[in-house]
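The values are calculated or read from the model by the stated rules, or taken from the named source; none is laboratory data. A quick note: this is a predicted structure, and the numbers were derived from the prediction, not measured. FYI the Cβ positions are ideal-geometry reconstructions off the backbone, even for glycines, and counts take in every protein chain you see.
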Amino acid sequence: MAEKKKAVSVLLNGLINENPTFRLLLGMCPSLAVTTMAKNGLGMGAAATFVLVGSNLVISLIRKIVPDKVRIPAYITVIAGFTTMVQLLLAAFFPELNKQLGIYIPLIVVNCIIFARAEMFAQKNGPLLSVLDGIGMGAGFTLAITIIGSVREILGAGTWMGIPVTVDLFEPAIMFILPPGGFLAMGFLVALFNKLTSRKKKDKNECKTGCGMGCPGCSQAANGGEA
Amino acid sequence: MKELFAILIGAMLVENFVLSKFLGICPFLGVSKKTSTALGMSGAVVFVLVLSQAVTWLTNEYLLKPNKLEYLQTIAFILVIAALVQFVETVLKKMIPSLYKALGVYLPLITTNCAVLGSALIFVERDYTFVESVVFGFAAGLGFTLALILFSGIRERLETADIPEAFKGMPITLIAASLVSITFVGFAGLIIS
Amino acid sequence: MSILIPVAVISGLGLVFGLGLSYASKVFEVKVDERIAKVREMLPGANCGACGFSGCDGMAEAIVNEGVHPSRCPVGGIPVVNAIADFMGVDEGSIDVKVARVLCQGDCDNAVIKYDYVGIQDCHAANALASGMDACHYGCLGLGSCKKVCQFDAIVVENGLARIIPEKCTGCGNCVKECPKAIIALVPVLSGFTVKCSNHDKGAISRKNCKVGCIACQKCVKVCPESAITMNNNVAVIDPTKCVNCGECAAVCPQKCITNTIVKRSQLNVNTAVQ
Amino acid sequence: MFKDIVKPALVLVLVCAFITGALAYVNSVTETIIAENERVAEQESLKSVYSEADSFLEPKVAGALKSEGLEVSERIEKVYEAQKDGQTVGYVVAVSSGGYGGKIKMLVGIDNGLNIKGITITSHNETPGLGAKAADSPGFTDQFLGKAPEKSYNVVKRAPKDESEIQAITAATITSKAVTRGVDDAVALVRSMAGGV
């Protein structure tokens, strides 16, 4: 039973409390560059998940025989192998998505998430757990960059997945499609994510500040509770 | 000669790797806490970028192109980069231990740095000559350094600012990065070709 | 057939790099005493500097090369010290585990304040402004500078007063150095009773500034059977080595500023387990 | 000696060989499909520019054209001959001219009578919303349709008076000029190829 519970916790781990993009802030390059459109985010997420799961599996299988001296090149070759496989498959069967994602597909190789998971997780755990971790992390990554993609697309181009959403509500701010918009959207989303997930941890009675404004000061600065 | 100059300025300002092409963000956000570490890191990145551009160009020209193996570019390039970084790491550890200590953990981090592989893929896409691609790598490294040092100065000031709870740490850094990258959008019209 | 060429090319590259890397790591081998790596692993790795070295790496090197005694690392506590001592073949020696304690009880309800401080939430900043908003010149400002610097999350600021959780505290001493009022002291974990006040004003003044301040009435000094309490410029100080935790002083203190902080053995954090 | 030099190298070679083997196999499967996709995409873009033609010959690269002594500016990349039931009825010229954000690549369809059949911009990185309008909204490129003028077009800010004037996109004059220069070069090339018939 514990084994099963651990597997489930590893799977869910990647989604919320260790979400690679919002929590660990890994894989920033693709998540900022590709998310000009929600559809791109989804495509990129799926491709990255495939590579992540594949490489986690293979790396966890060969982790015992790879000597430490060539550990990094060997793992990187495995990841590159899967990335090229995705590249070929995309070019053959989804040419349109391939044109959009362009230079960013080969960059999945250096996507920090995959290499980080390989080093941190796959190297220490068995194949089954690694695959689950890959799926969890991949899903977390896909979820995150699709959200970023949607935010940027709605604000920047007034459409969502190509369907016009805000026809005359407001003039879309093109800035969100440009690089600065990527940073901005990402910044606010991470802040929102912190706000949501940190609510549980804050202990009520801690009075945040000194007695600056006498005791009412504490309540005003903390979260409204009476000091 | 004009062409090289255009590439140099282009890669450093117009298509700044970090702020407009989104390559190399992980170290950019991770390492820019202090200017000294930022300097160390960008020194390593420029060094590796130039070397990797040269080696990857040669591999592409004499190994991949003759036997039409373009699809193996990613795997060959990343293999070269990983080996190169590890080689540089071992040599530095022996020859200049002080520099190695200063770079510390950032050196292996460069292997997964998107900027290095990104610039290799770009010179293939634009099929630059050997000199052009090395200059492009060097310029990209300079662009990375410029962005990193500029940004680490800002981040040091951020430490003392009074930031709302949820924005502490990474979110405020990202927002600061977006403001800096707006300034770089201003260079867009600079291409002289 | 067309599979052979790519395999040959990439494996050729792999071979060249594999040989090159392993050869390079052999040629450029840096002689490192592997014991240092082992000791480094045993150290807690908090890099807090309590041992006086630049971090755990510095400490590990010092233990192996200069024969420094592992007990200099307070954070690890007994198990770490014993492990390293056995590994290095050095006798463990005795170690008195220390815990930090805030010598003040002036929270929002007890301490009188001089002005409303609306500035950066940092004790140094407040202290720079007429030595803080508390009327009592020596009192805790409760703005959490110590909390910011504590790596073990052992300090909680409640109601304007910093309090240290003995179970989590590893005695690294970072908060002692950080506090602008210098009212955090490192006391042996065994010492039960401490005077939780450090104001040196005369009784009348301290009574005006704080409801629970020590007014130097010296009742505790007279009643202590082991005469472990001495007056240090209008504030009582209990000498932990002499104190037998009888509790007489706490009972007789009119201001209730001597508190019983005996930590039950089970609560102790495994790092600071007492011998 | 073996343990720390040969073994790592051997493992690395094995990993590389195994992975590349799998890749080569995948490639052999997908290679034909990718080539097919590219050919279809190319035909489509050519068709969109020259709808009447039913087939296009293999493109001639700029270098080859120069050797034929034709007027080839450095903006020209290659030329496809457009055929209608076996007859060469016109040409599609692939041009790339320097715009605001970088190279703008486009295809210009011109028939033997020097009428411009159609223009599509295949790749650019102009600023979205401004320069990008040249590619997104057909309004700008449609101005070129019809008879090409004797000398070259000129770009005007206000409403065009006659065939040879093109109204620039507001706040994107560099892009408008770049596209116009590209079309001029294409017309000049086709004029020299079709022998000014």
Looking at (1) buried (at least 16 other Cβ atoms within 10 Å of the Cβ); (2) in contact with a Phe, Trp or Tyr (Cβ under 9 Å, 6 or more places away or on another chain), which is the only condition residue D:21 fails? (2)
All but one of (1) without any contact (Cβ under 8 Å) to a residue 60 or more places away in the chain; (2) of a type in the set (Ser, Thr, Tyr); (3) in a loop (DSSP other than H, G, I, E, B) hold for residue A:21; state the number of the condition that does not hold. (1)
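Does the stretch A:131-143 contain any residue that is part of a helix (DSSP H, G or I) and farther than 29 Å from residue A:188 by Cα? Step through it out loud before you land on a result.
Of the residues in the stretch A:131-143, the ones part of a helix (DSSP H, G or I) are A:131-143.
Subset that is farther than 29 Å from residue A:188 by Cα: A:131-132.
The answer is yes, given that some residue of the stretch A:131-143 is part of a helix (DSSP H, G or I) and farther than 29 Å from residue A:188 by Cα.
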Here are B:90, B:160, B:129: which of them is over 18 Å from the mean Cα position of the chain (by Cα), among the β-branched types (Val, Ile, Thr) and under 23 Å from residue D:16 (Cβ atoms)? B:90
Within the set of pairs 6 or more residues apart or between chains, which connect a residue that is within 19 Å of residue B:62 (Cα to Cα) inside the stretch B:109-124 to a residue that is among the β-branched types (Val, Ile, Thr) and at pLDDT below 80 with Cβ atoms less than 7 Å apart? B:117/A:109; B:117/A:110; B:121/A:103
Among helices (runs of 4 or more DSSP H) entirely within the stretch A:30-126, at least 3 residues that are under 20 Å from the mean Cα position of the chain (by Cα) and within 22 Å of residue D:16 (Cα to Cα) occur in A:38-62, A:71-93, A:112-117
Filtering the stretch C:120-150 down to residues that are within 9 Å of another protein chain (Cβ to nearest Cβ), more than 22 Å from the chain's Cα centre (by Cα) and surrounded by 16 or more Cβ atoms within 10 Å (Cβ to Cβ) yields C:126, C:132, C:133, C:134
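Can you tell me which of C:168, C:196 is over 18 Å from residue C:105 (Cβ atoms), touching a residue at least 40 places away in the same chain (Cβ under 8 Å) and surrounded by 15 or more Cβ atoms within 10 Å (Cβ to Cβ)? Steps first, answer last, please.
On the way: C:196 fails: over 18 Å from residue C:105 (Cβ atoms).
Of C:168, C:196, the one residue that is over 18 Å from residue C:105 (Cβ atoms), touching a residue at least 40 places away in the same chain (Cβ under 8 Å) and surrounded by 15 or more Cβ atoms within 10 Å (Cβ to Cβ) is C:168.
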Within the stretch A:1-14, of all residues that are in contact (Cβ under 8 Å) with a residue 40 or more places away in the chain and surrounded by fewer than 17 Cβ atoms within 10 Å (Cβ to Cβ), the one farthest from the other protein chains (Cβ to nearest Cβ) is A:7
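Report, by residue number, each residue of the stretch C:232-260 that is of a type in the set (A, V, I, L, M) and either in a loop (DSSP other than H, G, I, E, B) or surrounded by 14 or more Cβ atoms within 10 Å (Cβ to Cβ) (or both). Give the steps one after another, and end with the answer.
Initial filter on the stretch C:232-260 (of a type in the set (A, V, I, L, M)): C:235-238, C:244, C:250-252, C:258.
Hits for the stretch C:232-260 are C:235, C:236, C:237, C:238, C:244, C:250, C:252, C:258.
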In the stretch C:172-225, the residues that are in contact with a Cys (Cβ under 8 Å, 6 or more places away or on another chain) and among the polar types (S, T, N, Q): C:174, C:191, C:198, C:199, C:206, C:209
Per the list (1) in contact with a helix residue (DSSP H, G or I) (Cβ under 8 Å, 6 or more places away or on another chain); (2) farther than 22 Å from residue B:112 by Cα, residue check on residue A:54 breaks on (2)
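Can you tell me which residue within the stretch B:1-23, out of those that are part of a loop (DSSP other than H, G, I, E, B) and surrounded by fewer than 24 Cβ atoms within 10 Å (Cβ to Cβ), is farthest from the chain's Cα centre (by Cα)?
B:1
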Residues in the stretch D:76-112 that are within 14 Å of chain B (Cβ to nearest Cβ) and either surrounded by 21 or more Cβ atoms within 10 Å (Cβ to Cβ) or over 16 Å from residue D:185 (Cβ atoms) (or both) total 6
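Condition check ((1) surrounded by 12 or more Cβ atoms within 10 Å (Cβ to Cβ); (2) away from chain C (no Cβ under 14 Å); (3) at pLDDT 85 or above) across all residues:
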{"position": "D:13", "(1), (2), (3)": "yes, no, yes"}
{"position": "D:17", "(1), (2), (3)": "yes, no, yes"}
{"position": "D:26", "(1), (2), (3)": "yes, no, yes"}
{"position": "D:42", "(1), (2), (3)": "yes, yes, no"}
{"position": "D:61", "(1), (2), (3)": "yes, yes, no"}
{"position": "D:64", "(1), (2), (3)": "yes, yes, no"}
{"position": "D:69", "(1), (2), (3)": "no, yes, no"}
Options A:78, A:131; residue that is within 22 Å of residue D:19 (Cα to Cα), away from chain D (no Cβ under 13 Å) and at pLDDT 85 or above: A:131
Hey, residue A:196 hits all of (1) within 12 Å of chain B (Cβ to nearest Cβ); (2) within 25 Å of residue D:126 (Cα to Cα) but one; which does it fall short on? (2)
For the subset of the stretch B:81-130 comprising residues that are of a type in the set (S, T, N, Q) and modelled with pLDDT under 80, which member is farthest from residue B:6 (Cα to Cα)? B:98
Kindly indicate the residue of the stretch D:44-59 that is surrounded by 12 or more Cβ atoms within 10 Å (Cβ to Cβ) and of a type in the set (Asp, Glu) and also nearest to residue D:80 (Cα to Cα) among those meeting that condition. D:54
What about residue B:163, is it away from every other protein chain (no Cβ under 13 Å), of a type in the set (Val, Ile, Thr), surrounded by fewer than 19 Cβ atoms within 10 Å (Cβ to Cβ) and closer than 30 Å to residue C:145 by Cα? no
Determine which member of the set A:165, A:151 is farther than 18 Å from residue A:6 by Cα and surrounded by 17 or more Cβ atoms within 10 Å (Cβ to Cβ). A:151
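Condition first: part of a loop (DSSP other than H, G, I, E, B) and away from chain D (no Cβ under 14 Å). Now tell me which residues in the stretch A:159-179 satisfy that. Don't jump to the end; show me each part of the working.
Step one: list which residues in the stretch A:159-179 are part of a loop (DSSP other than H, G, I, E, B), which gives A:161-162, A:165-173, A:177-178.
Of everything in the stretch A:159-179, those that are part of a loop (DSSP other than H, G, I, E, B) and away from chain D (no Cβ under 14 Å) turn out to be A:161, A:165, A:166, A:167, A:168, A:169, A:170.
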